[in-house]
Amino acid sequence: MITGSIAAIGYGLATLGPGIGLGIMIGKTQEATARQPEVAGKLSTNMFIGAAFIEALGLVGLVPGLIF
């Protein structure tokens, strides 16, 4: 018998969005660095700030699924 709530599945699926977002962001940053290597420092700084926000969204989606 399966116990739990459907919300846990929803929270788990909510982590897919940030994962896809991270993949796109990192891929585009690498693409931009290959085109203009002189701006790699600025791009990586902005990428890490964006990654922090995306990871925060992923944790907000994942943690309630583990709690409930």
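Here, each number is a calculation from the coordinates, and none is a lab measurement. Model, not experiment: these values are computed from the prediction. Positions of Cβ are backbone-derived with ideal geometry, glycine not excepted, and every protein chain shown enters the neighbour counts.
Within the range 2-44, can you find the residues that are closer than 20 Å to Ile54 by Cα and among the acidic types (Asp, Glu)?
Across the range 2-44, the qualifying residue is only Glu31.
Say whether the condition of being closer than 30 Å to Ala7 by Cβ and either among the β-branched types (Val, Ile, Thr) or touching a Gly at 6+ places or on another chain (Cβ under 9 Å) (or both) is met by at least one residue in the range 32-50.
The answer is yes; a qualifying residue exists.
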